[in-house]
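A.B. asks: Take this structure, written in structure tokens, and hold onto it; I'll ask about it next.
Every read-out reported here was derived from the displayed coordinates using simple, explicitly stated rules and does not represent laboratory data. Predicted model only: the values in this text are computed from it and were never measured. We place every Cβ from the backbone using ideal geometry, glycine too, and count neighbours over all the protein chains shown.
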Amino acid sequence: MRLATVEQGGRTQVVLVEPENRSFHSLEEVLEQPVADLLSIIPRIDELRASIKGAAARPPISGARLLAPIPRPPRNVLCVGKNYHEHAHEFTYSGFDSSAATSADAIPTAPIVFTKAPECVIADGADIRYPSGVSDSLDYEAELAVVIGRRGRGITKATAYDHVFGYTIVNDVTARDLQGRHKQWFLGKSLDTFCPMGPWLVTADEVDPENLSVKCWVNDELRQDANTHDLIFDIPTLIETISAGMTLLPGDIIATGTPAGVGIGFKPPRFLKPGDRVTVEIEGLGRISNNVVQVISPNLSQIVPGIGSIE
Ligand code: MG
């Protein structure tokens, strides 16, 4: 089941997606009840499955625009650093890795967990803001993201997947200069628009997360091409580690790490520039594309001071 959040006529709603023709069916019509947001569906997923048969017979809604499946996550997006072998080496040797004192530290012995501010989530098709004057070292990171559906603390590897509601795609956009300069990664990972997510959520029953191809293009050039079976710490290990002393909650998102091929893996580094288009595709989950632009819109400049002055 593919669930998306869309905007239609100024209203946000949750829809069922038919990916072949990108048609959307309103969940409020399928369930014949109000649906507040995508996360509110989690406890009602069995009810939705029972109601779904008639959905295809209904006319799809028109004029809808995709938002991120969880447009504003309830907490910071949890992320994992250096979780593919080849990428761990390219990052450590790049000189931007404040987590490794020497090359002997390239492969982590425990998951490196950091977070991104939830306000930086944007949708498929939305612009990534090029933060002139703040960073000139923007990089892309294609990642499989896990969406937690059931709360828990002390979750074991054996039961970890019982806590997963579904999966989506995240581009963990990063300001490498800030990531290196400030040691802690949070700032360089959390600039406005730095978390493209989508295009929708695919429920866990339809995904084998341990064998998915992950690809990323910058413009038409394939930069990342890997498979999730190469994760250093698999999803059950990540869930067990994070939840050991911290309760995971429904709606928590774990971006599982990016494979080799990011901009700093090249010599010299190949950072994103205004005008570039970044596309991330994960097998069975779809693809997201986002343009890098110098100024996003007059509207955002009203919300975030300073954006309007960088033209
Ligand atoms: Mg990442």
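A.B. asks: Kindly put Leu27, Leu212, Leu248 in sequence by how many other C-beta atoms sit within 10 Å of each C-beta, fewest to most. Write down the numbers at each step before the final one.
C.D. replies: On the way: Leu27 25, Leu212 17, Leu248 22.
Ranking Leu27, Leu212, Leu248 by Cβ neighbours within 10 Å, fewest first, gives Leu212, Leu248, Leu27.
A.B. asks: Excluding residues on the same chain fewer than 8 positions from Lys267, give the lysines whose Cα lies under 29 Å from its Cα.
C.D. replies: Once the sequence-local lysines are set aside, what remains near Lys267 is Lys82, Lys116, Lys183, Lys189, Lys215.
A.B. asks: Another question about this same structure. Would you look at the GNM of the chain, springs on alpha carbons closer than 10 Å, and say which of Ile282, Ile148, Ile45 moves the most?
C.D. replies: Ile45
A.B. asks: On a 0 to 90° scale, report how tilted helix 85-94 is relative to the longest principal axis of the chain, with both axes built from alpha carbons and the result rounded to the nearest 10.
C.D. replies: The two axes meet at around 40 degrees.
A.B. asks: Got the relative contact order for the chain handy, in percent, Cα pairs under 8 Å and 6 or more residues apart?
C.D. replies: Working: 729 pairs, mean separation 70.3, N = 311.
Answer for the chain is 23 percent.
A.B. asks: While we're here: With a cut-off of at most 14 other beta carbons within 10 Å, and DSSP calling the residue loop, which trypsin sites (Lys or Arg not before Pro) in the range 174-215 qualify? Please list them.
C.D. replies: Values: sites: Arg176, Arg181, Lys183, Lys189, Lys215; in loops: Lys183.
In loop regions of the range 174-215 (DSSP not H, G, I, E or B), the sparsely surrounded trypsin sites (Lys or Arg not before Pro) are Lys183.
A.B. asks: Also, quick follow-up: Under a point spin-label approximation (7 Å from Cα along Cα-to-Cβ), what is the Glu283-Asp46 distance to one decimal in nm?
C.D. replies: Between Glu283 and Asp46, the simple spin-label model gives 3.2 nm.
A.B. asks: Mind listing the phi-derived Karplus ³J(HN,Hα) values for the range 167-179, rounded to whole Hz, using 6.51, -1.76 and 1.60 with θ = phi - 60°, and x for any glycine or proline?
C.D. replies: Going residue by residue, I get 9, 8, 9, 10, 9, 7, 4, 9, 8, 4, 5, 5, 4 Hz, with x marking Gly and Pro.
A.B. asks: Looking at the range 1-83, which GluC sites (Glu not before Pro) are DSSP coil and have at most 14 other C-beta atoms within 10 Å of their C-beta?
C.D. replies: Working: sites: Glu7, Glu20, Glu28, Glu29, Glu32, Glu47; in loops: Glu20, Glu32.
Here the GluC sites (Glu not before Pro) that fit, given the DSSP loop and packing criteria, are Glu20, Glu32.
A.B. asks: Listing Ser51, Ser190, Ser40, Ser62 from the residue with the fewest other Cβ atoms within 10 Å to the one with the most, what is the order?
C.D. replies: Sorted ascending by nearby Cβ count, the order is Ser62, Ser40, Ser51, Ser190.
A.B. asks: A follow-up question, please. Tabulate in residue order the Karplus-calculated ³J(HN,Hα) for the range 271-282, using 6.51 cos²θ - 1.76 cosθ + 1.60 with θ = phi - 60°, rounded to whole Hz; enter x for Gly and Pro.
C.D. replies: Working through the residues one at a time gives 7, 6, 10, x, x, 6, 10, 10, 10, 10, 10, 10 Hz.
A.B. asks: If I take every Cα pair under 8 Å that is 6 or more residues apart in the range 159-220, average their sequence separation and divide by the length, what percent do I get for the relative contact order? It would help to have the intermediate numbers written out before the result.
C.D. replies: On the way: 55 pairs, mean separation 24.6, N = 62.
Result for the range 159-220 is 40 percent.
A.B. asks: Order these by the 10 Å Cβ neighbour count, fewest first: Thr156, Thr193. Walk me through the numbers before you get to the answer.
C.D. replies: Working: Thr156 13, Thr193 23.
If I rank by nearby Cβ atoms, fewest first, I get Thr156, Thr193.
A.B. asks: So, one more: Where is the GNM fluctuation largest for the chain (alpha-carbon springs, 10 angstrom cutoff): His87, His163, His182?
C.D. replies: Its mean-square fluctuation being the largest, the pick is His182.
A.B. asks: Per residue of the range 257-263, in order, report the coupling 6.51 cos²θ - 1.76 cosθ + 1.60 (Karplus, θ = phi - 60°) as ³J(HN,Hα) in whole Hz, putting x for Gly and Pro.
C.D. replies: x, 10, x, 5, x, 6, x
A.B. asks: Which value in deg cm²/dmol, rounded to the nearest 500, describes the helix-derived mean residue ellipticity at 222 nm for the chain, given -39,500 (n - 2.57) per DSSP H run of n ≥ 4 and division by the residue count?
C.D. replies: -3500 deg cm²/dmol
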